[in-house]
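Participant: My questions all concern the structure below.
Just so you know, all these numbers are worked out from the coordinates, no wet-lab data involved. The structure displayed is predicted, hence computed values, not measured ones. Cβ coordinates were reconstructed from backbone atoms using ideal geometry, including for glycine residues, and neighbour counts include every protein chain displayed.
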Amino acid sequence: MELSQKEIGLDRSKDDNGLSSNDYVVLGIHYPIDSDDDKVVELANKRSNSAGGSIGMFQQFFNKVEEFDYHPGFLSDVISRIHFTYRTKFIPIARSDDGPSPLRINFLIGDNPFNAIENAIYNPNCFNTDIGWGCMIRTGQSLLANAIQIAILGREFRVNDGDVNEQERKIISWFMDTPDEPFSLHNFVKKGCELSSKKPGEWFGPAATSRSIQSLVEQFPDCGIDRCIVSVSSADIFKDEINDIFKNKRYSNILLLMGVKLGVDKVNEYYLKDIRKILESRYSVGISGGRPSSSLYFFGYQDDTLLYFDPHKPQPSTIESLLETCHTDNFDKINISDMDPSMLIGVLLQGEDDWQSWSNEVFDSKIINILNSRNDVTIAEDSMSLEETLEPPDNEYVDLGPMSQQLNGSP
């Protein structure tokens, strides 16, 4: 079986929406394919034929082949994004009397067996790892860390092997797994308990994660983010609240966190184009979510393929390991249609001009709603007989389909 450029993803045609079908996009920046397409196709076909003609069989190989294909600017950008994963052997977190046990089998099988045995003997009532329950926290940390990096160092910042940036090292250290660091797993769990009734060892959803981020940011002004606005019932942003912030400080850095559910079991096709548009925005700091009870951090796309970092790769909880592993070119891909509908969208606005530009950019969005005030939500809810609260539990996200279709005049 011979593979075409279109099958491999090198076709330079436009899709139905007029978007380039070959550029890689990373948080709003486009990178064209920068290689000999015929050579890449030839290598892929050789591997495909030797594997019995199955595209799936050579996919893992082709991920390596694509390294010839990546624009160097793309790889530099990807490597410069911050990525957090499961950690092991961190300072123990005590379990709650009515919470999950650290000795549950699904926690233990993911850890190194020697670590699991040691924890079971010496700390049976404490969590020493977040394997099996901390992935949404880790992707939330990734989203937050990239927002902070952009706020302090700028979107143009790139990691340089020969030149360690001390400010970025400081940013990364804020996420070290110790109660003393402002954005540690320990403090996410603490806020989850206070604000969302989450016990240590319980899986966080987008709502609990966003509430924890908001509270931790407010307690640590040195992070470079002045305000964090959370919308956990839908992606509703209110003009009067944002305008009031910029009246007091025109160049405020505002992090918007929007929890949405874009379907029932999978993302409704109605929203697929807008998910790509969100990642294509220069104000995007990524999307956290993506799999049922298995969160990923999405930072870009190519065509209908989303690019993400996977937090489900345990690393030891040391500052050396954190610094060594938080930057990587080892990213994964998923078709946008396979994405779980529950997700947390992050947007960073750096000043009033960004706010005006972004609000115009999402004017016709099927996901994000810019409303004058919270009174508009009441009107919209009454007109559709929806019953929702401003901060529902994680499993009570609003499916935006009916709301967006009515507000945008769609059938």
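Participant: What are the ³J(HN,Hα) couplings of the stretch 85-98, residue after residue, when phi is run through the Karplus curve with 6.51, -1.76, 1.60 and θ = phi - 60°? Round to Hz, x for glycine and proline.
Facilitator: These are the phi-based 3J(HN,Hα) values: 10, 3, 10, 10, 6, 8, 3, x, 10, 5, 6, 8, 4, 9 Hz.
Participant: Let me ask you something else. When each pair of different Cα atoms in the stretch 125-177 is counted once in the 1/r mean, what is the Kirkwood radius in angstroms, to one decimal?
Facilitator: 12.8
Participant: Cα convex hull of the stretch 220-263: how many Å³ per residue?
Facilitator: Output value, Cα hull per residue: 80 Å³.
Participant: If I model a spin label as a point 7 Å beyond the Cα along the Cα-Cβ vector, how far apart are those points for D240 and Q219 in nm?
Facilitator: In this crude spin-label approximation the distance works out to 3.1 nm.
Participant: Relative to the compact globular guide of 2.2 N^0.38 Å, what is the alpha carbon radius of gyration of the stretch 188-339, as a ratio?
Facilitator: 1.13
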